[in-house]
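First the structure, in the form of structure tokens, and then the observations on it.
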Amino acid sequence: MISVRNLNHSFKIGKKGKEREVPVLKGLTFDVADGEIVSIVGKSGSGKSTLLHIMAGFLTPDSGEIRVKGTKTSSFSEAENAKFRLNHFGFVFQNFQLMPGLTAFENVELPLKLKGIGKSERRKKVKELMQSIGLTEVQDHYPNELSGGQQQRVSIARALITDPPVIFADEPTGSLDSETEQDVLLLIQSLNKARGITFVIITHDDEVAHTADRVYRMHDGELTEGGRPHAI
Amino acid sequence: MQFKDQIDFVRQHITKNKMRVFMTVLAATMGTAFLIVLASVGFGLHETIRDSILSNRKVTELEVYSSEMNQEKVDELKKRDHVKAVVYRQFVNAEQQVKLGDLTSTSRMTVTDFVEEGKANFSLAEGRLPKTAEEVIVGSHFGQYLMSEEELEGESEVKGYDGDLIGKHISYQLQDFEGNPIGKELQLTIVGVGKKPAKDWDQDQNIYGDALIIPAIEQIYFAEVEQDKDEQSLFYGNVSVHADHLENVKALSKELKDDGYSVYSIADELEQLDVFFLALKAGLIFVGTIAILIASIGIFNTMTMAVTERTREIGVMKAIGADPKLIQRLFLMESAWIGVIGTVLAIVISYGVSVVSNYILPIIVSAALGEEDLGGMDVTFSIIPWQLVVIASTISIGVAMISGWRPARKATKIDVIQALRQEL
């Protein structure tokens, strides 16, 4: 599904004219198989979020190659990346990133609007999905009227609505209590099983990482370990 | 994203910041209304002066001279394109005397075709146009020049005749150059009185008869005077051609000159007036545009703030797959909306101001000048033609979109990662 080859990236930091380059990703090579849940675990500053940003097309790598279903995405333009994201990727963020002025229903509906899908088809699809995730009761609530767990469920629904083959989750349980965390992880696992969606989860939490099918551990921009959760 | 969803998206954002958008729309409205009202004064004054000149029926008139002018040539002139009327006025080449009871005057007969005179805006102060050879109309000053014998000899003050003239019978007598009568008198009836000439110093004491009267006058004259082929005929005349529209005067004038006629018109002078007012209107529109440019600063600020406030939202939209061009279009639509609403309101307000000022300003100016009717001039202070509406709308909406361009570009350049890191 996703193949990452010899990926390098560095950031320039410091005052203009006195910048220095700090390498954040150092020759990463790994694969994510179709329909698996992969966790990338590491401490703060290990480069795991940068890796997700590059895989999602938010950043262009200095060198290396990323292919998604055989398509080389690492050299896409901004517009090409946007179009590819809309059709192939879903996103779940740590702080949910819901639109505050839109209801839960409208937030989930947004990617379909961007795809240019008609109103009646949109409404039908969103209703069905929200019902299956148990959000029907809160569909007319605004994000600030929802609990953290509900907000993350809405965020997952928004990621799912376009039926993407891959969902990137950046610290999906980072803002949740342990009970809600378990709910969200179970939801991810059930969606993975039921719909065959590939999940790439970025986390610093080993417990979250171990719910995945495969775990990659990152340290100082390098993958130090990779394999089945119980083996790491 | 479907267009109606884009509209819906813009509408949602506008309603979220009602007060700020209202103030920006207000500024755009004021700027545009200022432009329209200011320029409308130029259009109004231009129209007033044009109307004033045109009502004097001189501008579309071409004085045409040919050494061999006759009815045949006049009929040929009538058939030409863009000719509204051809007035062939003929005058009697002899002394004449008119009597109304005991009063006499030396008023002269002008023979014309009243159908053509009517087409050329000839109008009466009272009465109607002649229908038979015995009916005539008289100039507005005809009565003033009717004098008694005492008045003629200077024995008493000249009072003239100030009674009603319509229906009165007058006798018309041809005379030789020594004042001796030629033939019998013609009995004529006054059926109308001409309008006062536009210029104060013009005095019209003539009598106007229809061309039907020519044979009668010729019969009386040539019964006593032998017709000499070498001498001038009894009637001599001049021809004025009236174009259907001012724009056609120039072409018609050229056509007649090319055909050997001598032509004079004052349309060329009016052209200079048009050039002057064109420059004035362009100047007023320029000044008005400055007001719109000032309002555009407000639009720029509003849109810049909108982009800054929505940085995180723009980041989320880009993250989930919104095309940068779509983001740009949504913000441009928002600034265009401000421009469109501002322009529509400005047009409505401007028409209101125009109507009110055309009603109130003449009263104020008359009061200030101490005159009742602005010297008889029908002054229009403000006119808003559709062309002005189109120009103002184009400038206003164009400036609004240009103001929104930079903030919209800024929105497309928002970095997704930075935007997602923003605090809620």
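Would you mind working out the magnitude of the charge dipole of the protein assembly as shown relative to its Cα centre, with +1 at each Lys and Arg C-beta and -1 at each Asp and Glu C-beta, to the nearest 20 Debye?
For the protein assembly as shown, the charge dipole is close to 6640 debye.
Which listed residue (B:179, B:142, B:242) has the Cα farthest towards the positive end of the charge dipole for segment B:61-260, taking +1 on Lys and Arg C-beta and -1 on Asp and Glu C-beta about the Cα centre?
B:242
When only Cα pairs under 8 Å and 6 or more residues apart are kept, what is the percent relative contact order across chain B?
Relative contact order for chain B comes out at 28 percent.
Based on the Cβ-Cβ distance from residue B:223 to residue B:153, what FRET efficiency comes out when R0 is 35 Å, to the nearest 0.05?
According to the calculation, E is roughly 0.65.
Any chance you could give the angle, 0 to 90 degrees and rounded to 10, that helix B:386-412 forms with the longest Cα principal axis of chain B?
Between the helix axis and the principal axis of chain B, the angle is about 10 degrees.
First check a/c for segment B:119-221, with a ≥ b ≥ c the square roots of the eigenvalues of its C-alpha gyration tensor; if it is under 1.5, answer rounded, and if not, answer prolate when a/b is larger than b/c or oblate otherwise.
oblate
Using a cut-off of under 17 Å, list every residue of segment A:204-223 whose amide N is near the label point 7 Å from the Cα of residue A:31 along the Cα-to-beta-carbon line.
It comes to A:213-216, nothing else.
Could you tell me the calculated FRET efficiency between residue B:50 and residue B:360, based on Cβ-Cβ distance and R0 = 25 angstrom, to the nearest 0.05?
In this case the efficiency is close to 0.65.
Take the Cα atoms of the protein assembly as shown, build their convex hull, and give its volume per residue in Å³.
260 Å³
Do you know the relative contact order of segment B:61-260, to the nearest whole percent, from alpha carbon pairs under 8 angstrom that are 6+ apart?
Value for segment B:61-260: 34 percent.
Work from the charge dipole of segment B:61-260 (Cβ charges, +1 for Lys and Arg, -1 for Asp and Glu, about the Cα centre) and give the residue of B:100, B:251, B:215 farthest towards its positive end.
B:251
Take A:2, A:202 and order them by how many other Cβ atoms sit within 10 Å, fewest up front.
A:2, A:202
For A:113, B:257, which order do you get if you count the other beta carbons within 10 Å of each Cβ and list the fewest first?
Least crowded to most crowded, the residues run B:257, A:113.
Dipole of segment A:30-150, Cα-centred, from +1 at each Lys and Arg C-beta and -1 at each Asp and Glu C-beta, to the nearest 20 debye?
For segment A:30-150, the charge dipole is close to 280 debye.
What would the Debye formula give as log10 I(q)/I(0) at q = 0.07, 0.11, 0.16 Å⁻¹ for the alpha-carbon point model of segment B:61-260, no solvent?
Evaluating at q = 0.07, 0.11, 0.16 Å⁻¹ gives log10 I(q)/I(0) of -0.24, -0.58, -1.10.
Just to be sure I understand the model, the point goes 7 Å from the Cα along the line to the Cβ. What's the resulting residue B:325 to residue B:26 distance in nm?
Those two pseudo-labels are separated by 3.9 nm.
What ³J(HN,Hα) values, in whole Hz, does the Karplus curve 6.51 cos²θ - 1.76 cosθ + 1.60 give for segment A:203-215 when θ = phi - 60°, with x put for Gly and Pro?
Using θ = phi - 60°, the values come out as 8, 9, 9, 4, 4, 5, 4, 6, 7, 7, 6, 9, 10 Hz.
Which value in nm describes the separation of the simple spin-label points at residue B:203 and residue A:120, placed 7 Å from the Cα toward the beta carbon?
Computed distance between label sites residue B:203 and residue A:120 equals 8.9 nm.
If one computes P(r) from the Cα atoms of chain B, what percent of pairs lie at distances over 42 Å?
When all Cα pairs of chain B are counted, 45 percent exceed 42 Å.
Between residue A:18 and residue B:63, with labels modelled 7 Å along Cα→Cβ, what's the label distance in nm to one decimal, could you check?
My value for the distance between the label points is 9.1 nm.
Return one quarter of the surface area of the convex hull spanned by the alpha-carbon atoms of segment A:60-164, equal to its mean projected area, in nm².
Mean projected area for segment A:60-164: 7.6 nm², to one decimal.
With charges only on Cβ, +1 for K and R and -1 for D and E, what is the dipole size of segment B:61-260 about its Cα centre, in debye, rounded to 20?
Here the size comes out at about 940 debye.
For chain A, what relative contact order do you get, as a whole percent, if you take Cα pairs closer than 8 Å and at least 6 residues apart?
Relative CO of chain A lands at 29 percent.
Just so you know, all these numbers are worked out from the coordinates, no wet-lab data involved. These numbers come from a predicted model, not from an experiment. Cβ coordinates were reconstructed from backbone atoms using ideal geometry, including for glycine residues, and neighbour counts include every protein chain displayed.
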